[in-house]
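Okay, structure first, notes after.
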Amino acid sequence: MGNRLSKIYTRTGDNGTTGLGDGSRISKDSIRVEAMGDVDELNSVIGLMLAEGVPPHLQTTLTKIQHDLFNLGGEICIPGYVLLTVSCVDDLEQSIDTLNAELSPLKEFILPGGTKSAAFCHLARTVCRRAERKLIELHHNEKVTEISLQYLNRLSDLLFVMCRIINKEAGVSDVLWKNKQA
């Protein structure tokens, strides 16, 4: 891995550019930088979930996801660099299948809420969807790996299932959407 940060401020970004991992500089408002920021924000929201407390069997999965997201940020920061593998997506799918088997089928849409941890999980899910949209936008202009796109798509599904698991294990019902029109 490259050099570790020994100095936090460099003043090199004062002109509105930022350095990528390959040494090139790009505008801070580029799609690539926005995608990196969305992935970083997602990782931070998952950190909030972990700090708030989640069931112990989710902690290991969420911590692995944080490492995967850091790797994804590395892929975005270094064009052409690949860190995520098919097994990362497979792990998400296995977690979805395992956790979803514990839940009753949904008959209504649910609203974000329930416990504070579940609400943070819903926030993580929505940030994940935004990061996915931004990565797709980047993919339309520059090459990103198919695995990174799949990863964010599966992760948002897993986070939705985790929201429901967190509420269930806390003995709190999901917040059901009530359609006033029906």
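The values are calculated or read from the model by the stated rules, or taken from the named source; none is laboratory data. Bear in mind the structure is a predicted one, so any value in this text is a computation, not a measurement. Ideal geometry is used to build each Cβ from the backbone, glycine not excepted, and the neighbour counts take in all protein chains shown. All accessible areas refer to the heavy atoms of the entire protein, side chains included, with ligands and DNA or RNA removed. Shrake-Rupley method; radii C 1.70, N 1.55, O 1.52, S 1.80 Å.
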Exercise. From the list ALA124, ALA119, ALA131, which one is in a helix (DSSP H, G or I), open to solvent by 20 Å² or more (accessible area, probe 1.4 Å) and either at pLDDT below 95 or among the small types (Gly, Ala, Ser) (or both)?
Worked result: ALA119
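For (1) free of Cβ contacts under 8 Å to residues at least 60 places away in the same chain; (2) touching a strand residue (DSSP E or B) at 6+ places or on another chain (Cβ under 7 Å); (3) over 16 Å from GLU132 (Cα atoms), each residue gets a yes or a no:
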position	(1), (2), (3)
VAL39	no, no, no
ASN43	yes, no, no
GLN59	yes, no, yes
THR63	yes, no, yes
HIS67	yes, no, yes
ASN71	yes, no, no
CYS77	yes, no, no
TYR81	no, no, yes
LEU84	no, no, no
Seminar exercise, completed: Of the residues in the stretch 92-116 that are of a type outside the set (A, V, I, L, M) and in a helix (DSSP H, G or I), the one that is farthest from ASP157 (Cα to Cα) is LYS116
For this session: Look through the stretch 38-58, keep the residues that are under 11 Å from the mean Cα position of the chain (by Cα) and open to solvent by 30 Å² or more (accessible area, probe 1.4 Å), and return whichever of them is farthest from VAL144 (Cα to Cα).
Result: SER44
Seminar exercise, completed: By residue number, the members of the stretch 83-117 that are farther than 14 Å from SER148 by Cα and among the hydroxyl-bearing types (Ser, Thr, Tyr) are SER95, THR98, SER104, THR115, SER117
Exercise. Which of the residues belonging to the stretch 126-161 are in contact with a helix residue (DSSP H, G or I) (Cβ under 6 Å, 6 or more places away or on another chain), farther than 10 Å from LEU42 by Cβ and basic (Lys, Arg)?
Worked result: LYS134, ARG154
Problem set entry | the stretch 161-182, subset of a type in the set (A, V, I, L, M) and in a loop (DSSP other than H, G, I, E, B), residue farthest from GLY113 (Cα to Cα) | ALA182
For this session: Taking the options ALA119, ALA124, ALA101, name whichever one is under 14 Å from the mean Cα position of the chain (by Cα) and hydrophobic (A, V, I, L, M, F, W, C).
Result: ALA124
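Please work out if VAL89 is part of a helix (DSSP H, G or I) and either without any contact (Cβ under 8 Å) to a residue 12 or more places away in the chain or surrounded by 17 or more Cβ atoms within 10 Å (Cβ to Cβ) (or both).
Numbers: part of a helix (DSSP H, G or I): yes; either without any contact (Cβ under 8 Å) to a residue 12 or more places away in the chain or surrounded by 17 or more Cβ atoms within 10 Å (Cβ to Cβ) (or both): yes.
Answer is yes for this residue.
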For this session: Quick one: count up the residues across the stretch 92-105 that are open to solvent by 70 Å² or more (accessible area, probe 1.4 Å) and of a type in the set (A, V, I, L, M).
Result: 1
For this session: Starting from residues that are of a type in the set (Ser, Thr, Tyr) and within 15 Å of the chain's Cα centre (by Cα), keep the ones in the stretch 61-86 and report whichever is least open to solvent (accessible area, probe 1.4 Å).
Result: THR61
Seminar exercise, completed: Only one of (1) surrounded by 12 or more Cβ atoms within 10 Å (Cβ to Cβ); (2) more than 22 Å from ALA124 (Cα to Cα); (3) modelled with pLDDT of 70 or more; (4) of a type outside the set (D, E, K, R) does not apply to GLY23, and that is (1)
Exercise. Can you find even one residue in the stretch 4-20 that is within 16 Å of LEU72 (Cα to Cα), at pLDDT 90 or above and more than 14 Å from the chain's Cα centre (by Cα)?
Worked result: no
